[in-house]
1. Counting only residues 5 or more places away or on other chains, whose amide H sits under 5 Å from the amide H of residue A:74 once H atoms are built in the peptide plane?
2. So what is the accessible area of the protein assembly as shown per residue, in Å², with the probe set to 1.4 Å?
3. Taking the Cα centre as origin and putting +1 on Lys and Arg beta-carbons and -1 on Asp and Glu beta-carbons, what dipole magnitude results for the stretch B:66-216, to the nearest 20 debye?
4. Keeping all protein chains in position, work out how much accessible area residue A:2 exposes to a 1.4 Å probe, and write it in Å² to the nearest 10.
5. What lysines sit close enough to residue A:301 to cross-link, taking a C-alpha to C-alpha distance under 23 Å and skipping anything fewer than 8 places away on the same chain?
6. Taking the alpha-carbon distance from residue A:26 and a cut-off under 14 Å, which aspartates and glutamates remain once sequence neighbours fewer than 8 residues away in the same chain are dropped?
7. Assuming 1.002 mPa s and 20 °C, estimate D for chain A with Stokes-Einstein, Rh taken as the Kirkwood radius over Cα pairs, in µm²/s.
8. Mind ordering A:51-60, A:129-138 by average Cβ neighbours within 10 Å, highest first?
Amino acid sequence: MVQITLDNLAHSYLPNPQSEDDFALKQLDHVWKDGEAYALLGASGCGKSTLLNIISGLLVPSRGRILFGDRDVTHQDTVARNIAQVFQFPVVYDTMSVGDNLAFPLRNRGMAPAAIAAQVQKIAAMIGMEDQLGRKARGLTADAKQKISLGRGMVREDVNAILFDEPLTVIDPHMKWELRTQLKALHNEFGHTMIYVTHDQTEALTFADKVVVMHDGRVVQLGTPEDLFDTPEHTFVGYFIGSPGMNLIDADVAGDTAHCGGHAIDLGGHYRAPQGRVQIGIRPEFVTLTTGDHGLPVTIKRIEDVGRHQILRAEFAGKPVNAILPEGFAMPAGANRLHFAPDRINVYADDWRVAPLQAVATPERKAV
Amino acid sequence: MDKVQNNKAWFLVLPVLVLVAFSAVIPLMTVVNYSVQDTFGNNVFFWEGLGWFEQVLTDSRAHSALGRQLAFSGIILAIQIPLGIAIAVCMPKKGFWASVCLVLMALPLLIPWNVVGTIWQIMGRGDIGLVGYSLSAIGIDWNYARDPLHAWITVVVMDVWHWTSLVALLAYAGLQSIPQAYYQAAKIDQASRWSVFRYIELPKMQGVLLIAILLRFMDSFMIYTEPFVVTGGGPGSATSFLSIDLVKMALGQFDLGPAAAFSLMYFLVILLVSWVFYTIMTNLDKAEGR
């Protein structure tokens, strides 16, 4: 088990990349600490799988180095790196039995048969397939096959890291939760470094200690789930995480006030007038519906009752603004203004968060 | 609402029925007709019952032709299937050289059968043929017209040259359809090259390989033109496979009755083998849960 360092890493699938657009993975420096569980979150095609394959050694990066501890492994294969990886779609050896599938990586490494049998039993119990060990893998359902793939990924205890590439895509919802819990338990027990790629925020936030959000071939934020929720470093993080995502409104920001189409909004900090396209971002959780003259006047479109709460869909200057209202909230007559909690507002210039010069009467925020 | 029944649509099937009748049913029925009758010419026929079938079934000449046929099909399958797989595994997966390989592989398949026969008939000749001359030059008295073994080798090599490409192309298509993740997973699992072949490539190629075996079996079982051009079934009857023997019987000796009975049984064997393969393939598909 080691710390994995990505040093100046970048990758392009083209032989001679010219501009930055040619890179599937833009320049990246990152340290994966030993024994942590990371989630790599991002929309499809953002470079998550590319990054994962570079770490596991299936892909050699165009630029930069990968270090396992102090050892440069950039040009070493997956065997030398001793990494386990589980793929998005089930990969099983059809003609082998379930048990042989699980034993395969161990046999290839020349482990003693007795030790293999014990380890296979243990993993089979974990994935709930003890009674099917003798059965051929061919003809099993997709989620049974994926459980075998997961089992094969976890069967080796001495690996440096386990990488998961959207492993639960084909699994039934209730089984998803169970397997995720198992993965967490495994992580707690053995302390493997785990990197879990997903585009599902719930999966990412429940699995990982640290979430790495990728967008357009770049890591836009690394943080705890709270960091991502409270202070998204990039507008993408804002709207990708949360349901619905963060509200983003074009504004002119000066000092501790933002002006949106002539309406002043109090901010939680002082800002030197940011350059570029300036937006303020506020999570729907911190938006309240009010009457009177204060707040942003909006056109209310509809209210969706999603059970635990209601989602208010409104529009300001033709752009959607959402608010989360408590369950059973009765709309006051004539309510058409939205109030934003000042210390929950973030300011963005050209999609990147601008840190306030100093907070105005707000609780301490975590340094990012 | 009641469904409107319009049986006039059946008339649209008529052209196909007519075509199939003329191309298959009527010729086949003619053969059936010959197989149960005897004639002394002048278009006068006598009922013979199953006599011809009995005669063919107990005929040692037919038995030996069948033996030669099975040996030939067995040999070429034993060579072409492994060789085709080996070629497919070694071919480049993409890029310029993959296209070059594909075109080269397809070439023998495009050559008409009698031309293939002619090519090898000349190639094997000791006086002007490349192969025959070279073999004679290194001291082997090569003569496929005199030596049954030489005749067999020539016919087998010719068939391998002509048809291995088909197996290779089918296997190649099967290989290309294996998702990259399988190879990646195998790398992660530290599988050897042999394990990759044994546990990933071979099982994934199973479907196309069955088709390849079926096609090669049927084609080789019905082979006529090429050995006819090269050896004419000789020396003696060393390379008289079923169809060559059949043609000798039907057109050479004009034994219409036995030849017709022979053809029908020949046809039934091929039908039976095809049915067996079809059953295996559908069962495999079921096992896959497709």
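1. Amide H neighbours of residue A:74: A:66.
2. Per residue, the protein assembly as shown has an accessible area of 49 Å².
3. 420 debye
4. 40 Å²
5. A:319
6. A:7, A:216
7. Here the translational diffusion coefficient equals 93 µm²/s.
8. Details: A:51-60: 22.3, A:129-138: 15.7.
Taking the mean over residues of other Cβ atoms within 10 Å, the ranking is A:51-60, A:129-138.
The values are calculated or read from the model by the stated rules, or taken from the named source; none is laboratory data. Note that this is a predicted model, so its numbers are computed, not measured. FYI the Cβ positions are ideal-geometry reconstructions off the backbone, even for glycines, and counts take in every protein chain you see. Keep in mind that these areas ignore ligands, DNA and RNA; they rest on the heavy atoms of the full protein, side chains included. Shrake-Rupley method; radii C 1.70, N 1.55, O 1.52, S 1.80 Å.
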